[in-house]
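Report on the structure given below.
The values are calculated or read from the model by the stated rules, or taken from the named source; none is laboratory data. Every value quoted in this text rests on a predicted model; they were computed, and no experiment measured them. Backbone-built Cβ (ideal geometry, glycine too); neighbour counts: all protein chains shown.
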Amino acid sequence: MSLLKPLISGLSLMACAQVAAQPLGPLHVPSPDWRDQVIYFVLTDRFNDGDPHNNDQGAGVYDPSKGSHYSGGDLRGISAQLDYIQALGATALWLTPPVANQWWYPRGSYGGYHGYWARNFMQVDEHYGSLQDYQRLSRQLHGRDMYLIQDIVVNHTGNYFGYDGEYDPNDTAKNFALFNEEHPGNRFPTQAPFAHVDRNNSEHVQTNAYHWTPSIQDYQDPVQEFTYQLASLADINTSNPKVRQVLKDSYRYWIDQVGVDAYRVDTAKYVEHDFWNDFLHSDDGVFAKARETGREHFLAFGEIFDGSAPMDNAGERKLVSFLGSDAKPELNSVIGFPLYFELSRVFAQGQPAAQLGYRLEQAMAVYPDPYVIPNFVDNHDTARFLASGSIPAFKQALATIFTFAGIPVIYQGDEQGFVQTRRAMFAGGYANDNDQFDTQSPLFRFIADLARLRTSQKALTRGDFKLLSAETSGAGVIAYTRSYQNDTILVLFNSADSPRLASGLGLNGKTLQPLFDETQGYVEQAKPQPGLDTLELPARAIRVYRISGEAVAANSAKVEMTVIKPAQKVLTQNTVIKGRFSGGDAALFMLVDGELASAQELLVDNQGAWQWTLPVSDLGERSVSLQLYSPEFGQVSEPVILTTRVEQAQIRVQASAKAGDAKGPNGKYRSPTHAASGEQRDIVAAEVQAAGRIMQLTLTMAEISDNWQPTNGFDNVSFAIFFDLGKQASSEGLRQLPELDAQMPNQSRWHIGHRIFGWGNALYDTQGADQKHIGQPLTPVPVVKVDKSAKQITLHYDSRAFGIQSWYGVRLYVTSWDRAGEGDLRPLAPNASAWAFGGGNANEPKIMDQVWIDLPQTPILTGNGY
């Protein structure tokens, strides 16, 4: 200890000196044009430790080895890394709530290191530093012409009460439980009126600062959404005028005393609409204080955690409802969650590119001001993109938010390729042995180049948007333009893992000046090139051009290329497709679903007629896109969309599983104890059907829940499914199962793995896989469909992602467990707790139930399971 104390003191002095050396600006500065900003989002406790003295507050909640505890990041740590943040191209810093928090929630065995469990809305938490530290950070940002965004909460405080038993809305004292377990970090609020948390105390009841309610069970019920608790967090009665006044005073305080330039508003969807008009727009509201300090456009962007189903805009419309109306305005911006979900579906999962095209169009059409909508790829509440997607796909998602309207947001660790959501950036922090502030890492340089591209092109920050092309049948080309004051930028993506053709762009011979691509990054003074009507894009291409002038196209001749659509609306067997081509002896190719690498050359007769047989063998109803391609003329025909249907499976295998046996390999595991835990890990039966390239796996469960509004339709269970490809395998395979502390049974080896839970869907191979990490991501990922009434989850697999010719001889091993929303497996401990399984040790198998399925080697129906 005698050696450790001087070392800590030395580190602290070094951090303080580094902080003090940075230039200080004024506390109050005018609002920026938010369209021009790039935001860097910091999870304060996990970013950088600038003052080790404040790490341990004597409550036993500081332990960087555990994700549930404080790691040591603080305000001085952020100040010390502003050079790093600015070098990335960020112009604004968003940090998690710095307010005094409940440090520990005993029932959940989890800490408030994240800042969202306030005990006092007008104090800096002791772990983060002091008010002076926060003011200094603000001045340092302003001295760099950067801006400060504070995360705020008005919906709830901490985990202070709930109900141990049935809830009676007519008698809210019945079964009421005050969470007053003895723990030095489990401190009740100190700020009036929020200190009054006890329903059984008449003085507290009279204060009426909270809704005396249990946790939300039905997210579609507006009464529960606005007045019930979110995951046992004490729900504030925001309709109480006295409560509203304290919240207004609290958040006017940070603007006045610290010079905050914008607010990100946590859990905004759970607060009634009337509150937002009063809180922000009243004479004593937040915006009035901002104007007093010279901030005419104080941004308040709300978290409305809602997405939209593919080709639907319900999520956008829900978000816009929180912007209010001209007569009664509310928030002035919302976070772009619908786009966030679509980026993952299209780029990480290989769903049709047209879904992203539609989502971009809806953002422009539905949001009153799409240019101030913060858009993101990762955040602290969701699984990282790279937990399921590849780096090339991640780059495409990032390039989208930098070339589309809105404010791009980078979450700490994106630039270093983090896979774990809340991993610390600094050495010694959670899940990190070394500092991760590498300004030369490939992703750091890639994002910095994107920031340079964006800030150098007004068309990208202010321009109109026009969608030119988006593949409808699957992964493929997405093309759009951004235009501003006679300047037009063309953006092209190929979301497929194989080459594609971009056609029909309407360039009309105009010249393309390269600005950015996935290999070179930002390109300055590049040589212009002819704007051909058809461009070949490599796998996972990113291309950004300025359309800059006129030039003669390489081949301006046009030829007739026609596909005669069959008369049948739905094709149920192999079908001859016919058409015409006027290109003489020039080669002509058929593209199926845009796949250039597998294009088939057609035989054209002297009259220009051709015919070709479309195979119809894939299980289920599917959409197929057909196009003709003439390389010599640089021309591609308009797509013809056909529908195929195959109802008869070539393979059908049923595997029974015993109900009630989801108790782990030793039969002694116990499920987490939280109220919604249930029996969702219990697999009752499994069935496989396959025909052509498509295999369908249906799991019948003892229970299916969707309490947490999971994007995949089910929650409280995760599946890890492993495929032994047998003789079709191109590698030896592995026995070790990533993350599960287990091995493949039956002396088998897996070649392809599939991980799916409520908010994640990843298909991967064995490349780079080990005990802790999954392998290289593959696309397309399986499509998931949930029938809650039948208690069935159905997964549709495409053999193209597996690199196999058929499903015969494939073996499946299906396992169940559960994951947090951020993607981490729930831990296993001797005793079950709210968010941990019990009955085992941390290094034992993370498998609650299992099913083994053998597919036949030949077309004979058979099967077994356990």
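Please indicate, with yes or no, whether at least one residue in the range 623-639 is in contact (Cβ under 8 Å) with a residue 60 or more places away in the chain and in contact with a Phe, Trp or Tyr (Cβ under 6 Å, 6 or more places away or on another chain).
So far as the range 623-639 goes, yes, one or more of its residues are in contact (Cβ under 8 Å) with a residue 60 or more places away in the chain and in contact with a Phe, Trp or Tyr (Cβ under 6 Å, 6 or more places away or on another chain).
I want to confirm something. Restricting to the range 771-797 and keeping residues that are charged (D, E, K, R) and modelled with pLDDT of 95 or more, which single residue is surrounded by the most Cβ atoms within 10 Å (Cβ to Cβ)?
Within the range 771-797, the first condition is being charged (D, E, K, R), and the residues that meet it are 772, 785, 787-788, 791.
After this cut, where a residue has to be modelled with pLDDT of 95 or more as well, the list is 785, 787-788, 791.
Numbers: LYS785: 14, ASP787: 13, LYS788: 14, LYS791: 18.
Among them, the one singled out is LYS791.
Give the number of residues within the range 539-559 that are part of a loop (DSSP other than H, G, I, E, B) and either within 18 Å of LYS527 (Cα to Cα) or modelled with pLDDT of 95 or more (or both). It would help to see each step written out before you state the result.
Going residue by residue through the range 539-559, those that are part of a loop (DSSP other than H, G, I, E, B) are 539-541, 551-559.
Next cut, either within 18 Å of LYS527 (Cα to Cα) or modelled with pLDDT of 95 or more (or both) only: 539-541, 551-554.
Matching residues across the range 539-559 total 7.
If THR461 satisfies all but one of (1) under 30 Å from PRO782 (Cβ atoms); (2) buried (at least 18 other Cβ atoms within 10 Å of the Cβ); (3) within 28 Å of the chain's Cα centre (by Cα), what's the number of the condition it fails?
Among (1) under 30 Å from PRO782 (Cβ atoms); (2) buried (at least 18 other Cβ atoms within 10 Å of the Cβ); (3) within 28 Å of the chain's Cα centre (by Cα), THR461 violates only (1).
Can you pull out every residue in the range 117-152 that is under 23 Å from TYR62 (Cβ atoms), crowded, with 24+ Cβ neighbours inside 10 Å and in contact with a Ser or Thr (Cβ under 8 Å, 6 or more places away or on another chain)?
Passing the criteria: TRP117, ALA118, TYR128, LEU137.
Just checking, does the range 800-810 include any residue being part of a loop (DSSP other than H, G, I, E, B) and crowded, with 23+ Cβ neighbours inside 10 Å? Working first, answer last.
Looking only at the range 800-810, we keep the residues that are part of a loop (DSSP other than H, G, I, E, B), and these are 803-810.
Within this subset, residues satisfying the condition of being crowded, with 23+ Cβ neighbours inside 10 Å are 807, 810.
Looking for residues that are part of a loop (DSSP other than H, G, I, E, B) and crowded, with 23+ Cβ neighbours inside 10 Å, one finds at least one in the range 800-810, hence yes.
Among the residues that make up the range 812-826, is at least one of them over 30 Å from ASP306 (Cβ atoms) and not in a strand (DSSP E or B)? Working first, answer last.
Going through the range 812-826, the residues over 30 Å from ASP306 (Cβ atoms) turn out to be 812-815.
Of the ones still in play, those that are also not in a strand (DSSP E or B) are none.
No, the range 812-826 contains no residue that is over 30 Å from ASP306 (Cβ atoms) and not in a strand (DSSP E or B).
Output the residues belonging to the range 282-305 that are of a type outside the set (A, V, I, L, M, F, W, C), touching a residue at least 40 places away in the same chain (Cβ under 8 Å) and either surrounded by fewer than 18 Cβ atoms within 10 Å (Cβ to Cβ) or within 19 Å of ILE407 (Cβ to Cβ) (or both).
Of the range 282-305, the ones of a type outside the set (A, V, I, L, M, F, W, C) are 282-285, 289, 291-297, 302-303.
After this cut, where a residue has to be touching a residue at least 40 places away in the same chain (Cβ under 8 Å) as well, the list is 293-297.
Once the filter is applied, which keeps residues that are of a type outside the set (A, V, I, L, M, F, W, C), touching a residue at least 40 places away in the same chain (Cβ under 8 Å) and either surrounded by fewer than 18 Cβ atoms within 10 Å (Cβ to Cβ) or within 19 Å of ILE407 (Cβ to Cβ) (or both), the range 282-305 yields GLY294, ARG295, GLU296, HIS297.
So in the range 220-251, with the set limited to residues that are within 20 Å of VAL334 (Cα to Cα) and charged (D, E, K, R), which one is surrounded by the fewest Cβ atoms within 10 Å (Cβ to Cβ)?
Top of the filtered list is GLU225.
Can you pull out the residues in the range 707-738 that are small (Gly, Ala, Ser) and under 22 Å from LYS772 (Cβ atoms)?
Initially, the range 707-738 is screened for residues small (Gly, Ala, Ser), giving 713, 718, 720, 726, 729-731, 733.
Matches in the range 707-738: SER718, ALA720, SER731, GLY733.
Take GLU595 and tell me if it is in a loop (DSSP other than H, G, I, E, B) and closer than 21 Å to ARG540 by Cα. Please lay out each step first, then the result.
Working: in a loop (DSSP other than H, G, I, E, B): yes; closer than 21 Å to ARG540 by Cα: yes.
In short, yes.
Residues being more than 30 Å from the chain's Cα centre (by Cα) and of a type outside the set (Lys, Arg): count how many of those fall in the range 287-324.
Residues of the range 287-324 more than 30 Å from the chain's Cα centre (by Cα): 287-296.
Okay, now just the ones that are also of a type outside the set (Lys, Arg), so 287-288, 290, 292-294, 296.
Counting residues in the range 287-324 that are more than 30 Å from the chain's Cα centre (by Cα) and of a type outside the set (Lys, Arg) gives 7.
Does VAL717 count as closer than 24 Å to ARG670 by Cα, in contact (Cβ under 8 Å) with a residue 40 or more places away in the chain and among the aliphatic types (A, V, I, L, M)? I'd like the intermediate steps shown before the answer.
Working: closer than 24 Å to ARG670 by Cα: yes; in contact (Cβ under 8 Å) with a residue 40 or more places away in the chain: yes; among the aliphatic types (A, V, I, L, M): yes.
It is true that VAL717 is closer than 24 Å to ARG670 by Cα, in contact (Cβ under 8 Å) with a residue 40 or more places away in the chain and among the aliphatic types (A, V, I, L, M).
Every residue, every condition in (1) crowded, with 24+ Cβ neighbours inside 10 Å; (2) assigned to a loop (DSSP other than H, G, I, E, B), yes or no:
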{"site": "ALA327", "(1), (2)": "no, yes"}
{"site": "PHE341", "(1), (2)": "no, no"}
{"site": "PHE347", "(1), (2)": "yes, no"}
{"site": "GLN351", "(1), (2)": "no, yes"}
{"site": "ARG359", "(1), (2)": "yes, no"}
{"site": "THR382", "(1), (2)": "no, yes"}
{"site": "GLN396", "(1), (2)": "yes, no"}
{"site": "ALA405", "(1), (2)": "yes, yes"}
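Out of (1) buried (at least 21 other Cβ atoms within 10 Å of the Cβ); (2) assigned to a helix (DSSP H, G or I), the odd one out for MET425 is which?
In the conditions (1) buried (at least 21 other Cβ atoms within 10 Å of the Cβ); (2) assigned to a helix (DSSP H, G or I), MET425 misses (2) alone.
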